[in-house]
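What follows is a set of notes on a single structure, which appears directly below.
Read-outs throughout are calculated quantities, based only on the coordinates presented, and are distinct from any laboratory measurement. For clarity, every value in this text was computed on a predicted model and none was experimentally measured. We place every Cβ from the backbone using ideal geometry, glycine too, and count neighbours over all the protein chains shown.
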Ligand SMILES: C[S@@+](CC[C@H](N)C(=O)[O-])C[C@H]1O[C@@H](n2cnc3c(N)ncnc32)[C@H](O)[C@@H]1O
C-alpha cells in the first residue's frame, strides 16, 4: 500500500513533459497578475522560492524581474525539466532543489518572496507548509499562493473534490477562499489580498495529463450527468465533460 508521498511521486514524476506543454499551466491571468505584483513590490535583486514548481511556469514568469528563483519540487523529473527549459530560455536566475513544502531545506529569512501555484491542493499538511514558507521568508517579505479554490456550497464542493480525486489519487483538497483566509491568518500572515478568475478545464487534456484510467473517467462522466442542476450550473458542465472552476490568488505578508 503506497503512502500519499509515493502517490504524488507516481502521479507527477513521469508527467513532467505533459505539465511543461499544458496550456492551463503555461498561461493564465493569474500569471500576469503575479508578475505585476512582484514587479511592483520586489527589487530586481530579490530572491524568490517557488514551492511545488512542477514544470516551472511560475518560476519562468517571475525570474525575469528577480535576481534568483529557487524552484522546489519532490519530483526529480519535474526539476530536470525546469532546469532544461530555464536553460533554453536563458533564465540563469533559476536554480532547482528537491524538497517538499512541509520541510524546506533553507535557512530562516532567506527569501523576499515565497510562492506556490497549483500545488497546495496536494499538500497533506497545509499549515505546516505555510509555516515553513513563513520561516524562510524575510520579515518584510511576501507570500504568493495560487490554486484552484473550493466552493462554499457543500453540494458543489463535494462534487468538485470527488471529480478531482477520481481523476488524480494524489488530490487532497481545493480550499475555499474562506478557508485560505482563515489558514493564512492562523499561520501569521496579514494584509491579505485576494483575486479570482474563472478557469475552464477542457476534459480530454485534464484526464490525459494524469493518465486517469478509463473506468474512473466513466465514473466522473456519470457523476457529471447525474449531478443536480445547482452543481451543473456552478461548474458549467459542457457536453464533453469540460467544466469551469476558479483560480484564486492570495498575496500576503508576515504579520
Ligand atoms: C500541477 S503541478 C505544479 C504546477 C506549477 N507550479 C505551474 O505553475 O505550472 C503540482 C506539483 O506539486 C508538487 N507537489 C505535490 N505535493 C507537494 C508537496 N508536499 N510539496 C511540494 N510540492 C508538491 C508535485 O510534485 C507537482 O510537481
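Among the residues of the stretch 221-255, what is the count of those that are assigned to a loop (DSSP other than H, G, I, E, B) and in contact with a helix residue (DSSP H, G or I) (Cβ under 9 Å, 6 or more places away or on another chain)?
Residues of the stretch 221-255 that are assigned to a loop (DSSP other than H, G, I, E, B), as a first pass: 227-228, 235-242, 255.
Imposing the further condition that a residue be in contact with a helix residue (DSSP H, G or I) (Cβ under 9 Å, 6 or more places away or on another chain) reduces the set to 227-228, 235, 237-238, 240-242, 255.
Summing the residues that are assigned to a loop (DSSP other than H, G, I, E, B) and in contact with a helix residue (DSSP H, G or I) (Cβ under 9 Å, 6 or more places away or on another chain) in the stretch 221-255 gives 9.
Just the residues that are in contact with a strand residue (DSSP E or B) (Cβ under 7 Å, 6 or more places away or on another chain), more than 10 Å from the ligand (Cβ to nearest atom) and not in a helix (DSSP H, G or I), please, taken from the stretch 3-55.
42, 46, 47, 48, 49
Which condition does residue 174 not pass, out of (1) within 16 Å of the ligand (Cβ to nearest atom); (2) more than 19 Å from the chain's Cα centre (by Cα); (3) not in a helix (DSSP H, G or I), if it passes all the others?
(2)
Condition first: over 16 Å from residue 30 (Cα atoms), away from the ligand (no atom under 11 Å from the Cβ), in contact with a strand residue (DSSP E or B) (Cβ under 6 Å, 6 or more places away or on another chain) and outside any strand (DSSP E or B). Now tell me which residues in the stretch 56-77 satisfy that.
Once the filter is applied, which keeps residues that are over 16 Å from residue 30 (Cα atoms), away from the ligand (no atom under 11 Å from the Cβ), in contact with a strand residue (DSSP E or B) (Cβ under 6 Å, 6 or more places away or on another chain) and outside any strand (DSSP E or B), the stretch 56-77 yields only 66.
Could you count how many residues in the stretch 218-255 are touching a strand residue (DSSP E or B) at 6+ places or on another chain (Cβ under 7 Å) and surrounded by 15 or more Cβ atoms within 10 Å (Cβ to Cβ)?
Restricting attention to the stretch 218-255, the residues satisfying the condition of being touching a strand residue (DSSP E or B) at 6+ places or on another chain (Cβ under 7 Å) are 235-237, 242-255.
After this cut, where a residue has to be surrounded by 15 or more Cβ atoms within 10 Å (Cβ to Cβ) as well, the list is 235, 237, 242-243, 245-254.
Residues flagged as touching a strand residue (DSSP E or B) at 6+ places or on another chain (Cβ under 7 Å) and surrounded by 15 or more Cβ atoms within 10 Å (Cβ to Cβ) within the stretch 218-255 amount to 14.
Tell me, yes or no, whether the stretch 188-200 has at least one residue that is within 16 Å of the ligand (Cβ to nearest atom) and crowded, with 19+ Cβ neighbours inside 10 Å.
The answer is no, given that none of the residues of the stretch 188-200 is within 16 Å of the ligand (Cβ to nearest atom) and crowded, with 19+ Cβ neighbours inside 10 Å.
Identify all residues within the stretch 133-159 that are assigned to a helix (DSSP H, G or I) and touching a strand residue (DSSP E or B) at 6+ places or on another chain (Cβ under 7 Å); write none if there are none.
Here is the first cut: in the stretch 133-159, the ones assigned to a helix (DSSP H, G or I) are 133-136, 154-159.
Selection gives 133, 134, 136.
Looking only at the stretch 101-118, which residues are surrounded by fewer than 21 Cβ atoms within 10 Å (Cβ to Cβ), touching a residue at least 24 places away in the same chain (Cβ under 8 Å) and either within 14 Å of the ligand (Cβ to nearest atom) or in a strand (DSSP E or B) (or both)? Give the steps one after another, and end with the answer.
Taking the stretch 101-118 as the starting set, the residues that turn out to be surrounded by fewer than 21 Cβ atoms within 10 Å (Cβ to Cβ) are 102-103, 105-110.
Filter once more, keeping what is touching a residue at least 24 places away in the same chain (Cβ under 8 Å): 102-103, 106-110.
102, 103, 106 - these are the residues of the stretch 101-118 that are surrounded by fewer than 21 Cβ atoms within 10 Å (Cβ to Cβ), touching a residue at least 24 places away in the same chain (Cβ under 8 Å) and either within 14 Å of the ligand (Cβ to nearest atom) or in a strand (DSSP E or B) (or both).
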